[in-house]
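Here is the structure we will look at.
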Amino acid sequence: TVMDLAQFYQYQDVVEGSMQCILAWMVPAGGVAVAFGAGYRHEQQRTVGDPMNYGASAGWTSANYTAFAGGEYVYEGFGEVTVPIIKDGFVQSLDVNAAGRVTNYSTSGTVKTWKLGATSQINDDVRLRLTWSEDIRAPLLIELFQAPAFSALTTTDPKTNLSVNGFYANQGNANLHPEQANTISGGIVLTPHWIDGLRLSADWYSINIKSAIFTPTSAQVLSNCALGIQQFCADMIYAAPGIPVTYPGALNEVILQPQNSASETTSGLDVEADYSTDLFGGTMSWHAVANYNDERTRTIGTTTYDTAGCVGADCPAQGTDLSPKLKATLSSTYSVGPWSGTVQGRFIGAAVLNNYWTSGVQVDNNNVPWVAYLDLQASYTWNENIQLFGAVDNTTNTPPPHTPSTAGGRDANLQIYDGIGRDYRVGIRFNF
């Protein structure tokens, strides 16, 4: 049997040190908390690929793993301070927090991140919180150093409008720099004293990612170059040496490499609720958590794609995490003595196959229905060291909704929906 294989080896050396303390001097509302530290990190990755994958005439039509080795050094330092502003004034408390971090990557240089926040306990029932931050995501080693992996390409040469054959090369980009994002979030926590055991919270968030890293498809490279975006035109190679050409000077290679050329925005609401009360000699606990993602866009070149609530294979900007706008989980647990039982419902809201399709026009039915799953769990605590448990997930054996695509088939999106069906689990937990 001939197989397409690759072995990945990853290494990391880390040295870190930090300190935290309450400063001896005080502000009127209390002590100032301070934390600071520094660290060093060395990351390496080495991939050993199948020899049949090497070169432009690789042995496989896709997934041609190639050997590569790369690494980077990272130095960073950070500091954080929390200052109490008000104590038992017109509000019970008000604290402000500030943090900063300076990170130097051997591959892309120095980047700075920071966070500002405030928390106020208005009274026994209401707490408010707010944060504003500048965050980063550094490129992965494989995004930086992956050696070219070639696959067959058939496309139209934009200079001549003639059909050409060649190869596209999936490879890393050593010129990548960290993504940067601005995040704003604000929320409220309610613990009403007239309902003992109840806690409610709601947090709104908005995230705007700049210089987002994404790997374009060959179609995106061609279309954005046609719009005059030179960053994409540079990835179209004419008469590349070592690769056959359809005619002299023809396009014969398209480089598909990660680029800092996208931006993303997302916003939504997180809600959580907990309630616990005594019942028939035991304890009944309720827990609910939900997210509503009202906005999710990605801009590539000059085109902005809306993907919020889109789950089909034809949804634009497939590099984003596709998801319905609403997801929620509600569970109820009753415990008495050594026994405990939980009933849980998982809810996935309605969605569409493609935000740019209309039912009856591009597709017969663009709608994807909402789905609910019922899970049952039980446990018995034998003693302080042994617990027996059992669970049935998706008790009603609810199937995932079909998400047909223009490529054919009616497969479901199993990154979102349960594709296993009814699932039984039993076990023993040991605590020593």
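Nearest 0.05, what FRET efficiency do residue 226 and residue 137 give at R0 = 25 Å with Cβ-Cβ as r?
Calculated value: 0.25.
What does the charge add up to near residue 257, with Lys and Arg as +1, Asp and Glu as -1, over the other residues with Cβ less than 10 Å from its Cβ?
Neighbourhood net charge equals -2.
Assign one of three labels to region 309-353, namely rounded, prolate or oblate, based on the Cα gyration tensor with a ≥ b ≥ c the square roots of its eigenvalues; rounded applies when a/c is under 1.5, prolate when it is not and a/b is larger than b/c, and oblate otherwise.
Cα axes put region 309-353 in the prolate bin.
Please give the peptides 340-353, 358-371 ranked by average Cβ packing (other Cβ atoms within 10 Å per residue), highest first, as a rough proxy for protection.
So the order, starting with the most tightly packed, is 340-353, 358-371.
Given region 314-410, report the % of alpha carbon pairs whose separation exceeds 15 Å.
71
Run the helix sum for the chain: -39,500 (n - 2.57) per DSSP H stretch of 4+ residues, divided by residue count, reported at 222 nm to the nearest 500 deg cm²/dmol.
Only helices count here, giving -1000 deg cm²/dmol.
If I take R0 = 56 Å and measure r between the Cβ atoms of residue 10 and residue 195 in this structure, what FRET efficiency does the formula 1/(1 + (r/R0)^6) give, to the nearest 0.05?
Approximately 0.65, to the nearest 0.05.
In percent, what relative contact order does region 226-301 have, based on Cα pairs under 8 Å that are 6 or more apart in sequence?
26 percent.
Can you order the peptides 94-104, 163-173, 10-20 by their average number of other Cβ atoms within 10 Å per residue, highest first?
Result, highest mean Cβ count within 10 Å first: 163-173, 94-104, 10-20.
Please find, in a Gaussian network model of the chain (springs between Cα atoms separated by less than 10 Å), the residue of 229, 136, 386 whose mean-square fluctuation is greatest.
Largest GNM mean-square fluctuation: 386.
Could you please state, rounded to a whole Å, how far the C-alpha centre of region 353-398 is from the C-alpha centre of region 245-320?
Region 353-398 and region 245-320 have Cα centres spaced 19 Å from each other.
By the 4.7 Å beta carbon criterion, which cysteine residues of the chain come out unpaired?
21
May I ask you to order 297-307, 70-80 by the average number of other C-beta atoms within 10 Å around their residues, highest value first?
Taking the mean over residues of other Cβ atoms within 10 Å, the ranking is 297-307, 70-80.
Taking K and R as +1 and D and E as -1, what net charge do the other residues with C-beta under 13 Å from the C-beta of residue 305 add up to?
Summing Lys/Arg as +1 and Asp/Glu as -1 gives -2.
Return the Rg/Rh ratio of region 158-304 with Cα-based radii and a Kirkwood Rh.
Over the Cα atoms of region 158-304, Rg/Rh equals 1.31.
Spin-label point model (7 Å from Cα, Cβ direction): what's the residue 46 to residue 328 distance in nm?
So the two model labels end up 5.3 nm from each other.
Sorted from largest down, give the three principal axis spans of the alpha carbons of the chain, whole angstrom values.
Ordered largest first, the chain gives principal extents of 83, 59, 49 Å.
Would you mind getting the accessible area per residue of the chain, heavy atoms of the protein chains only, 1.4 Å probe, in Å²?
55
How high is the FRET efficiency from residue 303 to residue 383, r the C-beta distance, R0 60 Å, rounded to 0.05?
0.45
Let me check against my output: what whole-number percent is the relative contact order of the chain, with C-alpha pairs under 8 Å and at least 6 apart?
8
Taking every pair of distinct Cα atoms and averaging 1/r, then inverting, what Kirkwood hydrodynamic radius in Å comes out for region 143-226?
Answer for region 143-226: a Kirkwood hydrodynamic radius of 17.9 Å.
May I have the extent of the alpha carbons of region 271-320 along their three principal axes, as whole Å values ordered from largest to smallest?
Here the spans come out as 63, 19, 13 Å, largest first.
Once the principal axes of the Cα atoms of region 358-432 are found, what is the range along each, listed largest first in whole angstroms?
63, 19, 15
The values are calculated or read from the model by the stated rules, or taken from the named source; none is laboratory data. On a predicted model such as this, the values are computed, not experimentally measured, just so you know. No Cβ is skipped: glycine too gets one built from the backbone with ideal geometry, and neighbour counts run over all protein chains shown. What goes into the accessible areas is simple: the full protein's heavy atoms, side chains included, and nothing from ligands, DNA or RNA. Shrake-Rupley method; radii C 1.70, N 1.55, O 1.52, S 1.80 Å.
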